[in-house]
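Working notes, structure below.
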Amino acid sequence: MLIGIIGPEQSGKTTIFNALTGREVSSFDTQMHHAVVDVKDNRITELSKIFNPEKTIFPKIEFI
């Protein structure tokens, strides 16, 4: 899933980006920020324990 955070200046875009991604980027940095975050879900972990697959892949969200 790809999510773009847009809005006017000083509206909290960087604050939301930092909260969702666990990063600490500066709001004074004018370049576009990019992060890919794994979505940890206990249901996937429990299903993985039951079915014992070779590997477990969590969904990813890409924030821009």
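Condition first: of a type in the set (Lys, Arg) and open to solvent by 100 Å² or more (accessible area, probe 1.4 Å). Can you find one or more residues in region 30-47 that meet it? Yes, region 30-47 contains a residue that is of a type in the set (Lys, Arg) and open to solvent by 100 Å² or more (accessible area, probe 1.4 Å).
The set of residues from region 15-25 being within 21 Å of Lys60 (Cβ to Cβ), assigned to a helix (DSSP H, G or I) and not hydrophobic (A, V, I, L, M, F, W, C) comprises Asn18, Thr21. Scanning region 26-64 for residues that are outside any loop (DSSP other than H, G, I, E, B), of a type outside the set (Asp, Glu) and closer than 30 Å to Gln10 by Cβ yields Ala35, Val36, Val37, Lys60, Ile61, Phe63. In region 1-14, which residue that is of a type in the set (Val, Ile, Thr) and assigned to a loop (DSSP other than H, G, I, E, B) is surrounded by the most Cβ atoms within 10 Å (Cβ to Cβ)? It comes out as Ile5. Just one of (1) open to solvent by less than 100 Å² (accessible area, probe 1.4 Å); (2) at pLDDT 90 or above fails for Ile50. It is (1).
The values are calculated or read from the model by the stated rules, or taken from the named source; none is laboratory data. Remember, it's a predicted structure, so these values are computed and weren't measured experimentally. Backbone-built Cβ (ideal geometry, glycine too); neighbour counts: all protein chains shown. To get the accessible areas, we keep the full protein, side chains included, count just its heavy atoms, and leave off ligands, DNA and RNA. Shrake-Rupley method; radii C 1.70, N 1.55, O 1.52, S 1.80 Å.
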